[in-house]
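Worksheet: the structure to be examined is printed underneath.
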Amino acid sequence: MKLNTKQTILIGFSFMSILCFWQFYDQVIPFLLENKFGLKTFTANAIMSIDNVLAIFMLPLFGTISDRTNTKLGKRTPYILFGTICAVILMGVMAYFVNIINFTGFIISLILLLIVMAIYRTPAVAYMPDVTPKPLRSKANAIINLIGYLGGIFATVVMMFMLKSKKTADGTSIYTEEQSFVPIFIVIALFMLISVLIMVFSVNESKAVKDANIEKEQEETSKHHEKLDKSKFTSLVLILISVFLWYAAYNSVTTAFSRYCVNIWNTDLGTSSGYLLVATVVAIASFVPLGFLSNKIGRKKTVIIGVIMMAVSYFAAFFIKTQTPVMYVIFGVVGIGWAAINVNSFPMVVELSNASNIGKYTGYYYTFSMAAQIATPLLSGFIIDNLGFGYKILFPYATAFMVLAFITMLFVKHGDSKPEVSDAIKDAISSD
């Protein structure tokens with residue numbers, strides 16, 4: 001059994017398109033809300049959280065709907081293709097309202113855009129397991145993540161060159177009133193559209209499903225009730241709880257670390273960027289090797305190794321009282337741990353699905369990850385501000401959630417892949 005690497009890369013283009021958009025969204029939209037339309041930070045943050053709220057309800061819904069879709073283009077491709085086209089049109093509309101500074105038009109088109117993105121995100125992610133046999137999904141997911149992150153890098157590089165900023169006395173980057181945001185909307189939209197069109201015209205979804213023999217699995221599983229037995233259901237719940245816990249830990253650090261640097265290390269706002277960039281770059285470099293490692297030792301063991309690495313790193317970071325190069329090492333280890341978790345946790349969830357409900361299980365995965373990203377800023381913020389701990393509690397908070405994730409993962413019994421057996425061992429077994 002061999003992974004179709006070229007096909008997996010091409011399928012990853014839809015994920016690359018999505019991550020390109022979210023990188024743009026996270027960096028540009030908050031600035032526009034506060035500086036172009038004059039919103040307060042709290043109001044801007046509330047608007048920025050709409051996508052996570054929509055995701056909790058819409059991702060599992062449209063994952064399930066796409067499971068039941070049957071067209072000449074397949075069951076995922078129609079959502080990806082037409083969803084991207086609608087998103088591109090809405091981005092053009094948003095750019096127009098930014099240009100004329102019309103808040104009502106901007107916010108309506110933004111909400112519609114977030115709805116469209118929520119509609120086709122789950123089908124895009126479910127595409128890979130649809131056409132990839134179960135034992136190969138960790139390898140495939142590693143490639144998908146690598147290609148996806150390239151979209152985020154593209155958006156970052158484009159914004160670096162197209163958005164001209166200047167530094168204030170405290171190190172904050174600001175954009176001048178003369179800066180036009182319309183070109184960046186257009187470039188990001190075109191990249192999204194071209195990426196998806198390349199995927200659509202290069203991969204025939206229906207043929208890819210047949211080639212992977214997934215339809216045979218669907219015929220076999222459809223004869224049985226879709227409901228999981230108690231043991232598998234318990235494993236699914238434990239994996240999803242683990243997803244919530246490690247996203248709560250990771251997101252708490254990524255969203256508050258810049259303020260941690262200011263309040264604990266007395267450095268400027270830009271200090272955190274270098275450390276977080278190291279974690280991202282190391283994670284990208286680790287995706288594929290960790291995909292191969294999980295095939296050797298199993299997904300569960302690889303995830304647990306990743307959880308331990310992150311827990312130890314966050315615990316060690318608590319004792320760093322000033323800016324130091326040691327933090328680059330710590331965040332590098334965080335990046336490896338995060339990659340180990342991401343490459344294998346999603347395949348563990350869809351391992352418990354069958355060919356007829358992959359989209360629904362993909363929706364479950366993203367519901368728990370998004371719920372964590374809604375809850376953890378509120379919970380960590382409450383502990384930091386209202387309980388009087390201050391930002392010094394950030395890394396103990398993250399460590400505690402990673403320890404809890406370690407405990408829940410220990411009790412997972414299903415969703416793993418069978419580690420590969422080397423040719424030498426196979427020969428020895430057959431000779432006996």
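The values are calculated or read from the model by the stated rules, or taken from the named source; none is laboratory data. Being a predicted model, the structure only gives us computed values, none of them experimental. Please note: Cβ atoms are built from the backbone with ideal geometry, for glycine as well, and neighbour counts cover all protein chains shown.
A compact table of results
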{"item": "Candidate set from the range 319-333 (those that are hydrophobic (A, V, I, L, M, F, W, C) and surrounded by fewer than 16 Cβ atoms within 10 Å (Cβ to Cβ)); member that is nearest to Tyr260 (Cα to Cα)", "result": "Ile320"}
{"item": "Hey, Thr302 buried (at least 21 other Cβ atoms within 10 Å of the Cβ), at pLDDT below 95, outside any loop (DSSP other than H, G, I, E, B) and not aromatic (Phe, Trp, Tyr) or not", "result": "no"}
{"item": "Set Ile308, Ile336: member being more than 18 Å from Leu3 (Cβ to Cβ), touching a residue at least 40 places away in the same chain (Cβ under 8 Å), surrounded by fewer than 20 Cβ atoms within 10 Å (Cβ to Cβ) and hydrophobic (A, V, I, L, M, F, W, C)", "result": "Ile308"}
{"item": "Residue check, Ala428 of a type outside the set (Ser, Thr, Tyr) and either part of a loop (DSSP other than H, G, I, E, B) or at pLDDT 90 or above (or both)", "result": "no"}
{"item": "Close pairs (6 angstrom Cβ cut-off, 6 or more residues apart or separate chains): farther than 23 Å from Ser14 by Cα in the range 144-171, at pLDDT 90 or above and of a type in the set (Val, Ile, Thr) anywhere", "result": "Met162/Ile184"}
{"item": "Unmet criterion (only one of (1) surrounded by fewer than 24 Cβ atoms within 10 Å (Cβ to Cβ); (2) in a helix (DSSP H, G or I)) for Ser356", "result": "(2)"}
{"item": "Matching entry among Gly332, Gly274, Gly298, Gly337 (being of a type in the set (Gly, Ala, Ser), assigned by TED's automatic domain parsing to the domain that holds Phe233 and either touching a strand residue (DSSP E or B) at 6+ places or on another chain (Cβ under 9 Å) or more than 24 Å from Ile393 (Cβ to Cβ) (or both))", "result": "Gly298"}
{"item": "Any hit, the range 49-60, residues being in contact with a helix residue (DSSP H, G or I) (Cβ under 7 Å, 6 or more places away or on another chain), over 24 Å from Tyr149 (Cα atoms), assigned to a helix (DSSP H, G or I) and not aliphatic (A, V, I, L, M)", "result": "no"}
{"item": "Tally of residues being free of Cβ contacts under 8 Å to residues at least 12 places away in the same chain and of a type in the set (Phe, Trp, Tyr) across the range 23-56", "result": "1"}
{"item": "Residue among Val253, Val243, Val281 that alone is surrounded by fewer than 19 Cβ atoms within 10 Å (Cβ to Cβ) and either in the same structural domain as Tyr314 (by TED's automatic domain parsing) or at pLDDT below 85 (or both)", "result": "Val281"}
{"item": "Residues being under 26 Å from Ala371 (Cβ atoms), surrounded by fewer than 16 Cβ atoms within 10 Å (Cβ to Cβ) and at pLDDT 90 or above - total across the range 46-101", "result": "1"}
{"item": "Test for Lys2: is it farther than 23 Å from Ala372 by Cβ and outside any helix (DSSP H, G or I)", "result": "yes"}
{"item": "Close pairs from the range 182-193: first in a helix (DSSP H, G or I), partner of a type in the set (S, T, N, Q) and surrounded by fewer than 15 Cβ atoms within 10 Å (Cβ to Cβ), Cβ under 6 Å, at least 6 apart", "result": "Val182/Asn99"}
